[in-house]
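Some notes on the structure that comes next.
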Amino acid sequence: MIVSNINKKNLLLTYLFLLTNLIFSQDIEFKNSNFKEDKQGLKLAKENLAIADDFRENGVQKILAMQDATVIFKKAIFKYQKAQNFNPNNAELNYKIGSSLLFTNKKKEAYSYLKKAKELNTDLPSDFLFYYAMALQLNGDYVQAIEQFEQFSATVKRKVYELFEVFTKKYIKECQGANEILVTDHRIWVDNLPINTEHDEWSPCLSADGELLIFTSNQPNENKVNEYGMYDQNIYYANLSARKFHEVLPISELNTENNDVSGGLSYDGQRLLIFKEEDGNTDVFESKLSGITWGMPTRKMGEKLRGGNTDGNETFSSFDPPDVKVYYITDGGYSGNKNIYFSGVMNRERNLWGKGQSAGHEINTKFQEGSVYIHPDAKTMYFSSQGHNTLGGYDIFVSYVDDLGHWGDPINLGYPINTPYDDLFYSATASGRYAYIASNRTGGKGGLDIYRVTYWGADKPMTSDVQDQLMASIAKPESDNTIAEPIIVEEKSLTVFKGKVIDAITRKPIEAAIEIILNKTGKIYTSFHSNSATGKFLLSLPAGANYGISVVADGYLFHSENFDLPKGDGFNSITKDIELKNIKVGNNITLRNVFFDTGKWEVKADSYSELERLVMLLNDVSTLKIEISGHTDNVGSTSFNELLSQKRADAVVKYLLAKGIDKKRLSAKGYGQSKPVHSNETDEGRAANRRTEFEIIEN
């Protein structure tokens, strides 16, 4: 009898528990009988639902047309949430919020709404299974996700399935291939930056030395929120201090009441590509840093609707190292999807650019490409795409260019750089050791967060060097014997040369014009200016060429450097301040890009670019009189070296005379080995001593 009473009590408790769950998990519809005490609240909720439904329907149509609809879905969610606050227990509303969240940067929140919708009512719209499967994929539950996608395919009406067929097949393929990508241990660290907030931080743009980070955020600012509770996008920057980015400041001169979005940063950090909306479409604009102030942005890639600019939207972009092309994202191409295109400059002074061209079918897909970045090595493209073999959402890929200029098949960078969420906006240091991305993955502080990527691997000697004097060849630079952090990323074949241009006497910074010349052809590789306020400059030189560097400023002697970088040469980083000398009697300058064969005195053809700059100086300053001097190392006899150096000085004078320079302004002197600038005990020292100089005799 006691046992019977206990069983009855347990049955009663079970019944009460189920009844309670039934009451609290009841699907409550938006109708008068359920809200007799608050009819006005019900009316407002229905009004918000109607507005949100229109937004959501529009968003779904854009997604099915392979177009971005993030902002539209955010507007829908804003209105849905007002109705949700009034009635959180409606299955259809939870389904609509969850499915909308999947196409925003808050997609990590989608699963809880979809799960609740399923618990409230199993009789949901036919596409529910599709969105539920998407949420399972984000959670990494690939087996369950495949089952739900397949159940959706098998049960939904044919006309509905046809709308989702491309996506369903792709997402199933992603789930099937996920483990293959995830199983590989890439030994990569991905760390959330302290600059992130609960809002979106995205589009990181990094200088090649990794010391300047510019990005975009919709965090609260001095402007008012719009009617959907959203702040406009503003551009911010942070400088590296003690190996971390801490203080974040807005770039006030670029931020307006509208959306201002960073698109790409020049490798020296002195030019910024942004995109702005005008007359309903967006184009790429460029702002230049003058001292410490960013200038008024001007349209890049030609005038409106010309060159690379279309009646579509040109957005995120990247410079290329020679500065003759801009790579960018556009939906104004043939497909109408967001693809990667490039435009080349035809006449810089007139802002004439070629029509945009696709980066190739190996790169672009029928899905969306989201960002593009050309590494300073000039052969590597990092880009994000929803196509190819992604884990889900946007993944980041790398492609390498061949000798014909064609981009190769993309390689997925794998986990933990890529996740089932959106991972995009890859921007790297010149060495490739560090990079910054944006991602809306789980574990972040907000929607999109910026992450630092660090590559690790086996120990190897340091390849970054600081030298007091640049040499004609740096194939074997002196090293400080420090051991580098191990990395597994492919070593970049380029040299980064940075420093300041300063007055040799006053030590004040100078804004100077810097040209990089390919000595083999005499053509300009690229050109830019040192910063007027700081004198800073940074240039990246891909391996495989002999470069001449000229630095010119009004009222100063020009300065030159030479880099001979064999193909396959590794990564080098050289820091050096360039001291320019006033055009005063007694000042002299070394012509580092004047070359002779060993034991010969005929001027080689790859010296002509350097000598043409000397001709220009003599023509610009018609009162200058100079002495050309030849110098040798101590190899060989003193008499032969004096003769050789005199012959070489005479050869340079002969070249200048042929260019129309008055012989009364020129003299030649061979000093042989009598005036070394470095020790003759090393190969590097002897190379520095073999030189041609000129000295100002009269001004």
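The values are calculated or read from the model by the stated rules, or taken from the named source; none is laboratory data. Just so you know, these numbers come straight off a predicted model, no measurement behind them. Glycine gets a Cβ as well: all are built from the backbone with ideal geometry, and neighbour counts include every protein chain shown.
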_Options Tyr267, Tyr171; residue that is assigned by TED's automatic domain parsing to the domain that holds Ile63 and of a type in the set (Ser, Thr, Tyr)_ = Tyr171
_Here's a check for you: in segment 422-455, which residue that is of a type in the set (Gly, Ala, Ser) and closer than 23 Å to Gly269 by Cβ is farthest from the chain's Cα centre (by Cα)?_
Ser431
_With the structure loaded, tell me whether Leu213 is surrounded by 20 or more Cβ atoms within 10 Å (Cβ to Cβ), among the aliphatic types (A, V, I, L, M) and under 18 Å from Phe316 (Cα atoms) or whether it fails that test._
yes
*Any idea which of (1) farther than 16 Å from Pro204 by Cα; (2) touching a residue at least 24 places away in the same chain (Cβ under 8 Å); (3) touching a Lys or Arg at 6+ places or on another chain (Cβ under 8 Å) is the one Gly432 doesn't satisfy?*
(1)
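Identify all residues within segment 663-693 that are in a strand (DSSP E or B) and either of a type outside the set (D, E, K, R) or over 22 Å from Val603 (Cα atoms) (or both); write none if there are none.
Pass one, segment 663-693, residues in a strand (DSSP E or B): 666-670, 691-693.
If the condition is that a residue be in a strand (DSSP E or B) and either of a type outside the set (D, E, K, R) or over 22 Å from Val603 (Cα atoms) (or both), then Leu666, Ser667, Ala668, Gly670, Thr692 are the ones that fit.
Does any residue of segment 65-84 turn out to be in contact with a Leu (Cβ under 9 Å, 6 or more places away or on another chain) and modelled with pLDDT under 95? Talk me through it step by step, then tell me what you get.
Step one: of segment 65-84, the residues in contact with a Leu (Cβ under 9 Å, 6 or more places away or on another chain) are 73, 77, 79-80, 82-84.
Checking the rest, the ones that are also modelled with pLDDT under 95 come to none.
Looking through segment 65-84, none of the residues is in contact with a Leu (Cβ under 9 Å, 6 or more places away or on another chain) and modelled with pLDDT under 95.
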*asked:* Give me the residue from segment 304-343 that is closer than 21 Å to Phe397 by Cβ and polar (S, T, N, Q) and, out of that set, surrounded by the most Cβ atoms within 10 Å (Cβ to Cβ).
replied: Ser317
*What number of residues in segment 189-235 are in contact (Cβ under 8 Å) with a residue 24 or more places away in the chain and either hydroxyl-bearing (Ser, Thr, Tyr) or assigned to a loop (DSSP other than H, G, I, E, B) (or both)?*
23
*Of all strands (runs of 3 or more DSSP E) completely enclosed by segment 300-367, which ones contain at least 3 residues that are of a type in the set (S, T, N, Q) and in the same structural domain as Met381 (by TED's automatic domain parsing)?*
314-319, 339-347
*Restricting the first residue to segment 542-561 and requiring it to be assigned by TED's automatic domain parsing to the domain that holds Ile589, which pairs with a second residue that is surrounded by fewer than 22 Cβ atoms within 10 Å (Cβ to Cβ) meet a Cβ separation below 9 Å and a spacing of at least six or different chains?*
none
*Which of the residues spanning segment 133-158 are farther than 18 Å from Glu180 by Cβ and either aliphatic (A, V, I, L, M) or touching a strand residue (DSSP E or B) at 6+ places or on another chain (Cβ under 8 Å) (or both)?*
Ala133, Met134, Ala135, Leu136, Leu138, Ala154, Val156
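When the residues of segment 494-510 are narrowed to those that are β-branched (Val, Ile, Thr) and either assigned to a loop (DSSP other than H, G, I, E, B) or touching a Gly at 6+ places or on another chain (Cβ under 6 Å) (or both), which ends up farthest from Thr534 (Cα to Cα)?
Let us first name the residues in segment 494-510 that are β-branched (Val, Ile, Thr), namely 495-496, 501-502, 505-506, 510.
Restricting the remaining residues to those that are either assigned to a loop (DSSP other than H, G, I, E, B) or touching a Gly at 6+ places or on another chain (Cβ under 6 Å) (or both) gives 501-502, 505-506, 510.
Numbers: Val501: 8, Ile502: 9, Ile505: 16, Thr506: 14, Ile510: 8 Å.
Looking at the filtered set, the residue picked out is Ile505.
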